[in-house]
Amino acid sequence: MNRFVTAERALRTAAPHELLDAVRRALIEQYAAESVELFMADYGLTVLQPVSVLPHTMEPVSVHSSVVGRAFGAQEPVVEADAGRYARVYLPVSVRGDRLGVLSVTLPDDGRVHDLLGELMDIAEVLGHEVVVAERDTDIYLQARRKDRLTLAAEMQWQLLPGRSCSRPEYELGAQLEPAYAIFGDNFDWSATADHLMLYVTNGMGEGIEASLLTNLAINALRNARRAGIALDDQAALADQAVYAHYSGRCYLSVLMFDFDLATGHAKVVDAGSPQMLRLRGGAVEPVTFEAQLPLGMFEETDYVAQEFRVEPGDRLVFVSDGVYAVAGPKGEAYGDVALARAIQATRLLPAAEVPRAILRELTGHRGRPVPDDDALVVCLDWHGR
């Protein structure tokens, strides 16, 4: 435990850009580590990028076909025995369910490596928290997340997001946007208190910077209303006024809004546009529809009405933008509810954080070409209840 406290103190007191150096020194001095590397998941969740040397001189590793990726996907430590005197340990680096990357530690293989896994996992968790805080003051870890250059619109959208996954005893959330390096209109946002989870899934019109500016205005208007303690329907009304005041109806934004009561599973819902929701319950997938209301900013002073909805323990809710269900295949056939339901069934055993990327890979196969014509957004919510 004294070794862990020493490593934790080293991370807490390190400069933001020196976290890897600090954890490397601590693991070498306290645990006799031979080498230490940090890999960050890229924006597309396809590779894990090494942080050690910037600009990158080490090769990234695949999320889907590598032992590093196995630790990332399973969110469990993986021990790889070396042919020689060492063992390599891969430790997921996550913060409250938000998957950031993997810490690789090479240790002497003296038969006690498994006894150290608990302490090493705790160190990886502390590292994750420090990386999140350090991103306020350095670009190193944000740079390490990108295998390609982001467009300016995508940069703005990623900076707007709360994370890509999170977990609490009552629920697990996962989300992903595509194309990850050139998104512009789709977005998601969530926020939780002791008793409530608020979730927004948005689909803005337009392309490029204009779409990103519209989404930024709408999301910040919703956050401003939410942080003032305003009810869900009034949040929609105030954001609607903000968007209309700026664009006078020329541009508008679709949004599906939820306010879940964590104790009961009761939710209030405002459906203002195109995002759709499907529910997996008892092995069956079905679309869930709400009373459609006008998108935010289409007309002046639109009134919104919240509807009632209930989610039960064991439910999986999957939210998608029109860039998913309306995507056309090579022969012009839309992806649609049937194919989407099939993809949800095929991914039912995956954790919520893995589902969006798996569905988007399936969507790429249907589309028949790697580059989409529109944004695609998938959000997955697994409800456990209290």
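The values are calculated or read from the model by the stated rules, or taken from the named source; none is laboratory data. The model shown is predicted, which means the values in this text are computed figures rather than measured ones. Neighbour counts are summed over all protein chains in view; Cβ atoms, including those assigned to glycine, are modelled from backbone coordinates with ideal geometry. For accessibility, only protein heavy atoms count, side chains too; no ligands or nucleic acids. Shrake-Rupley method; radii C 1.70, N 1.55, O 1.52, S 1.80 Å.
Data for the structure
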{"read-out": "Candidate set: segment 344-359, residues that are part of a helix (DSSP H, G or I) and among the small types (Gly, Ala, Ser); chosen: the one surrounded by the most Cβ atoms within 10 Å (Cβ to Cβ)", "value": "Ala358"}
{"read-out": "Options Val311, Val318: the member that is under 30 Å from Ile230 (Cβ atoms) and in contact with a Cys (Cβ under 6 Å, 6 or more places away or on another chain)", "value": "Val318"}
{"read-out": "Lone unmet requirement of (1) open to solvent by 10 Å² or more (accessible area, probe 1.4 Å); (2) at pLDDT 90 or above; (3) more than 30 Å from Leu381 (Cα to Cα) for Arg70", "value": "(3)"}
{"read-out": "Among the candidates Leu38, Leu45, residue that is surrounded by 21 or more Cβ atoms within 10 Å (Cβ to Cβ) and touching a Lys or Arg at 6+ places or on another chain (Cβ under 8 Å)", "value": "Leu45"}
{"read-out": "Segment 1-14 residues that are part of a loop (DSSP other than H, G, I, E, B), paired with ones that are surrounded by 18 or more Cβ atoms within 10 Å (Cβ to Cβ) (beta carbon under 6 Å, 6 or more apart)", "value": "Ala14/Ala22"}
{"read-out": "Residue list for segment 80-127, filter: within 24 Å of the chain's Cα centre (by Cα) and more than 24 Å from Leu142 (Cβ to Cβ)", "value": "Met121, Asp122"}
{"read-out": "Residues (out of contact with any helix residue (DSSP H, G or I) (no Cβ under 7 Å at 6 or more places or on another chain) and polar (S, T, N, Q)) located in segment 194-224", "value": "Asn220, Asn224"}
{"read-out": "Checking Pro372 against (1) in a loop (DSSP other than H, G, I, E, B); (2) modelled with pLDDT under 80; (3) open to solvent by 40 Å² or more (accessible area, probe 1.4 Å), the condition it does not meet", "value": "(3)"}
{"read-out": "Hits in segment 31-43 (condition: in contact with a Phe, Trp or Tyr (Cβ under 8 Å, 6 or more places away or on another chain) and either basic (Lys, Arg) or not in a strand (DSSP E or B) (or both))", "value": "Glu34, Tyr43"}
{"read-out": "Which listed residue, of Glu80, Glu76, Glu29, is over 30 Å from Glu172 (Cα atoms), of a type in the set (Asp, Glu) and either open to solvent by less than 20 Å² (accessible area, probe 1.4 Å) or without any contact (Cβ under 8 Å) to a residue 24 or more places away in the chain (or both)", "value": "Glu29"}
{"read-out": "Any pair with Cβ under 9 angstrom, 6 or more apart, that starts in segment 96-125 at a residue that is closer than 20 Å to Arg168 by Cβ and ends at one that is of a type in the set (Phe, Trp, Tyr) and open to solvent by 60 Å² or more (accessible area, probe 1.4 Å)", "value": "none"}
